[in-house]
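Colleague: Here it is: the structure, laid out below.
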Amino acid sequence: GIYEKACKRLNILRLLKHTIDRETLVKIYMAFIRPRLEYGDVVWGNCTKENSELLEKVQIEAARIITGLRVNSSRSILYSELGWETLQSRRDNHKLILFYKIIHGLAPQYLLDLIQPYFPTEHAYNLRSNGNFYSLPLCRTTSYYNSFIPSTIKLWNNLDAEIKHSSSLSIFKSKLKNQNIPKTCKHYSFGNRKENIILCQLRNKASNLNAHLFKDFLIADSRCTNCGSESEGNIHFFLECPRYTQQRVKLFNQFNDISVPFHINYILYGSSDFSYNLNCKIVSYVHSYIIASKRF
């Protein structure tokens, strides 16, 4: 089935995860694995919750491989890091796109014949423009209630009016995409694969620093083994631990040279206010610090 075939294709990512960069791994997933999870999904999109979660696990595993985060990393962290949306959200969008085609004469007429506009009674508050709200058909079974026409009408009726009134299919798709996809940072994919993974782990408090291991119940003590500080977290590693003073001075000077405040947020995340090139400079300096520290 879909799940088994997609799982086999995950082996491509596993084989390449240490040899190619994150951006290329994402492209491989988008080209060879996700299409397998979505082929014909407007037809079978009313699958059970159990089957939906089974498919989602494939994408979660792909995200974990690509980011290098631990198995116990939450779905929200993985998707936020990569700027991905859930497969369910994508299936909903695919249904809405087909629905837009249907009501705008871009699909066979027999599909439009299945859809009835909503006509409120004279006492109802008609807060929606005519033609942009549709009545649910009579559903005698749960299976039919969850099928394409009823489920998509529910999704359509809940859309913002601005999206419904899109003047073209391409604009409609763009607005749907901007509504649902979490924003990520392109520079998160920059740099050598090993250091890229470590910085991703640091950014999401899932690294081999003792505070992060302690948080995930992997060790019994969060203290720094170098200096005995109570908690070896990101701030301690980058800004405080005396073992890395020489490396820290170099990193501070590099930040000073590009006029970026020497702050933990800029170290870990860069900034959306900076250009891509400036963010990449920050990442390269932080990667150099990580290498010089010999902590990982």
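The values are calculated or read from the model by the stated rules, or taken from the named source; none is laboratory data. Predicted model, so just to flag it, every value in this text is computed and none were measured. When we count neighbours, we look across all protein chains shown, and the Cβ atoms used for this are built from the backbone with ideal geometry, even at glycine. Accessible surface is based on the protein model in full, side chains and every heavy atom, while ligands, DNA and RNA are left aside. Shrake-Rupley method; radii C 1.70, N 1.55, O 1.52, S 1.80 Å.
Colleague: Report whether or not Ser259 is more than 17 Å from Tyr188 (Cβ to Cβ), open to solvent by 10 Å² or more (accessible area, probe 1.4 Å), over 27 Å from the mean Cα position of the chain (by Cα) and not charged (D, E, K, R).
Modeller: Details: more than 17 Å from Tyr188 (Cβ to Cβ): yes; open to solvent by 10 Å² or more (accessible area, probe 1.4 Å): yes; over 27 Å from the mean Cα position of the chain (by Cα): yes; not charged (D, E, K, R): yes.
Considered against the rule, which asks whether it is more than 17 Å from Tyr188 (Cβ to Cβ), open to solvent by 10 Å² or more (accessible area, probe 1.4 Å), over 27 Å from the mean Cα position of the chain (by Cα) and not charged (D, E, K, R), Ser259 comes out as yes.
Colleague: Considering only residues that are over 16 Å from the mean Cα position of the chain (by Cα) and touching a residue at least 60 places away in the same chain (Cβ under 8 Å), look in region 34-69 and name the one that is least open to solvent (accessible area, probe 1.4 Å).
Modeller: Once the filter is applied, the top-ranked residue is Gly45.
Colleague: Could you tell me which residue of region 265-281 is nearest to the chain's Cα centre (by Cα), considering only residues that are in a helix (DSSP H, G or I) and surrounded by 14 or more Cβ atoms within 10 Å (Cβ to Cβ)?
Modeller: Per the stated criteria, the residue is Tyr269.
Colleague: May I ask you to list the residues in region 174-212 that are open to solvent by 40 Å² or more (accessible area, probe 1.4 Å), modelled with pLDDT of 95 or more and farther than 19 Å from Tyr285 by Cβ?
Modeller: Lys205, Asn208, listed by residue number.
Colleague: Let me ask something else about it. Out of the residues in region 70-81 meeting the condition of being part of a helix (DSSP H, G or I) and open to solvent by 20 Å² or more (accessible area, probe 1.4 Å), tell me which one is farthest from Leu218 (Cα to Cα).
Modeller: Once the filter is applied, the top-ranked residue is Ser80.
Colleague: Right, something else. Go through region 82-121 and give me each residue that's touching a residue at least 40 places away in the same chain (Cβ under 8 Å), part of a loop (DSSP other than H, G, I, E, B) and surrounded by 15 or more Cβ atoms within 10 Å (Cβ to Cβ).
Modeller: Result: Trp84, Glu85.
Colleague: Is it true that some residue in region 155-173 is in a helix (DSSP H, G or I), touching a helix residue (DSSP H, G or I) at 6+ places or on another chain (Cβ under 7 Å) and within 15 Å of Tyr289 (Cα to Cα)?
Modeller: no
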